[in-house]
1. Hand me the trypsin sites (Lys or Arg not before Pro) from the chain located in a DSSP loop with no more than 11 other Cβ atoms within 10 Å, in residue order please.
2. Go through the chain and name the GluC sites (Glu not before Pro) that are in a DSSP coil and have 13 or fewer other Cβ atoms within 10 Å of their Cβ.
3. List the chymotrypsin sites (Phe, Trp or Tyr not before Pro) in the chain that DSSP assigns to loop (not H, G, I, E or B) and whose Cβ has at most 10 other Cβ atoms within 10 Å. Which are they?
4. By how many degrees, between 0 and 90 and to the nearest 10, does the Cα long axis of helix 33-55 differ from the longest principal axis of the chain?
5. Calculated from the structure, Cα extents along the principal axes in Å equals which of (1) 76, 47, 16; (2) 53, 20, 20; (3) 42, 26, 15?
6. For every helix of n ≥ 4 consecutive DSSP H residues, a contribution of -39,500 (n - 2.57) applies; sum these over the chain, divide by its total residues, and give [θ] at 222 nm rounded to the nearest 500 deg cm²/dmol.
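Derivation of every value follows stated rules applied to the coordinates shown; laboratory data play no part. Please read these numbers as outputs of a predicted model, since none were measured by experiment. Cβ coordinates were reconstructed from backbone atoms using ideal geometry, including for glycine residues, and neighbour counts include every protein chain displayed.
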Amino acid sequence: MQTDQTHTPPADRAEIVAAPIRLDEAAEALKYGPAGAFFVSAIAVGILFIGWLAFYFFLFLPRGSIG
């Protein structure tokens with residue numbers, strides 16, 4: 001199946017690509033991005049640490065010393 005149309009990537013179509021914005025608008029849009037990422041990562045690390053503590057206190061300590 002061959003056609004005479006050439007392939008146009010989606011990024012070349014103006015209706016798909018976002019319009020350019022000014023530098024101050026971009027800075028305002030990205031103002032709270034890093035703080036949100038740090039908040040989410042802090043929650044994830046906290047959950048992992050709580051899980052590690054649970055394994056330590058409920059699995060490893062009750063077994064006692066080995067050897």
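1. Sparse-neighbourhood loop trypsin sites (Lys or Arg not before Pro): Arg13, Arg22, Lys31.
2. Listed in order of number, the matching sites are Glu15.
3. Here the chymotrypsin sites (Phe, Trp or Tyr not before Pro) that fit, given the DSSP loop and packing criteria, are Tyr32.
4. Taking the Cα atoms of the chain, the angle to 33-55 is about 30 degrees.
5. (1)
6. -14500 deg cm²/dmol
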